[in-house]
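Read the structure below first, then the notes.
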Amino acid sequence: MAAAIATVFCDFDGTITTEDTFDAVAAAVAPEVWGPLKAQLFNFEINLRQSMELLAAALAPSDLEQMVSHMAQFEPRPGFLPFLAELESAGLPFVLVSAGLVPLVNKLMAPHRHRFKHLVAAEVSFNSLDGLQFHSEFFSSDELVAKAAVIARYGQGSSVVIGDSITDLGMAQVADLVFARAPLCHWLEQRQIAHHRWEDFDDVSAVLKAEGLLPRGEAAMPG
């Protein structure tokens, strides 16, 4: 089988979903812990890996169960599933890459997971000595899930990144084509990293067609 001309790497929270679901469920279950950690993270006072390690240390297994239960209120962003179908039809691999937790992502994405080339997020384990632990084979000194490393392993052809926030900054810096929503687009502008702003997956599809990565639809015949 010929290699794909591009691979799409897509964030989950706030990208596939309309709301940052990790932020929402962490704030609902452990606001006194997550609130200060989030503030430090977005001020670049701690890094992504530190924020997740500190959160894991503060949570009990019952807290994680509540977070998973809260995920039932969310659904994919309108247009995501048709966009996924477009990629499948064109033979472009889709990799869901999340800095969040596999159980949270699976709560929403399990019915569609077979359509992804890969799903990458942090795994969860528990033992009585260490408590909850979040871990990933793609960890780095700064990130629990280093998304640029995911691109390096799974990318075929051009790398297309779709994201919205701080967890997507690393992969945006190594991608060939970047789609960004706020606040990610602001950090990319500060770093002079080229990107396309997007509001919905139709915007992404239109650019991929203009770039020749998705086939253009046939023009309608006159009536």
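Here are a few things to note about the model shown:
- In the condition set (1) outside the structural domain of ASP168 (by TED's automatic domain parsing); (2) crowded, with 17+ Cβ neighbours inside 10 Å, ALA39 is compliant with all but (2).
- Members of the range 118-135 found to be crowded, with 16+ Cβ neighbours inside 10 Å and farther than 21 Å from ASP63 by Cα, listed by number: LEU119, VAL120
- Residue in the range 127-134 that is of a type in the set (Asp, Glu), closer than 20 Å to ARG191 by Cβ and in the same structural domain as PHE83 (by TED's automatic domain parsing) present: no
- Residue tally, condition among the charged types (D, E, K, R) and part of a loop (DSSP other than H, G, I, E, B), over the range 69-100: 2
- Residue pairs whose Cβ atoms lie under 7 Å apart, separated by 6 or more positions or on different chains, with the first residue in the range 136-164 and in the same structural domain as PRO183 (by TED's automatic domain parsing) and within 23 Å of ALA56 (Cα to Cα) and the second among the aromatic types (Phe, Trp, Tyr) and in a loop (DSSP other than H, G, I, E, B), are VAL145/PHE138; ALA146/PHE138; ALA146/PHE139; ALA149/PHE138; VAL150/PHE138.
The values are calculated or read from the model by the stated rules, or taken from the named source; none is laboratory data. No experiment lies behind these values; they were computed from the predicted model shown. Here Cβ is always computed from backbone atoms with ideal geometry, including for glycine, and neighbour counts include all displayed protein chains.
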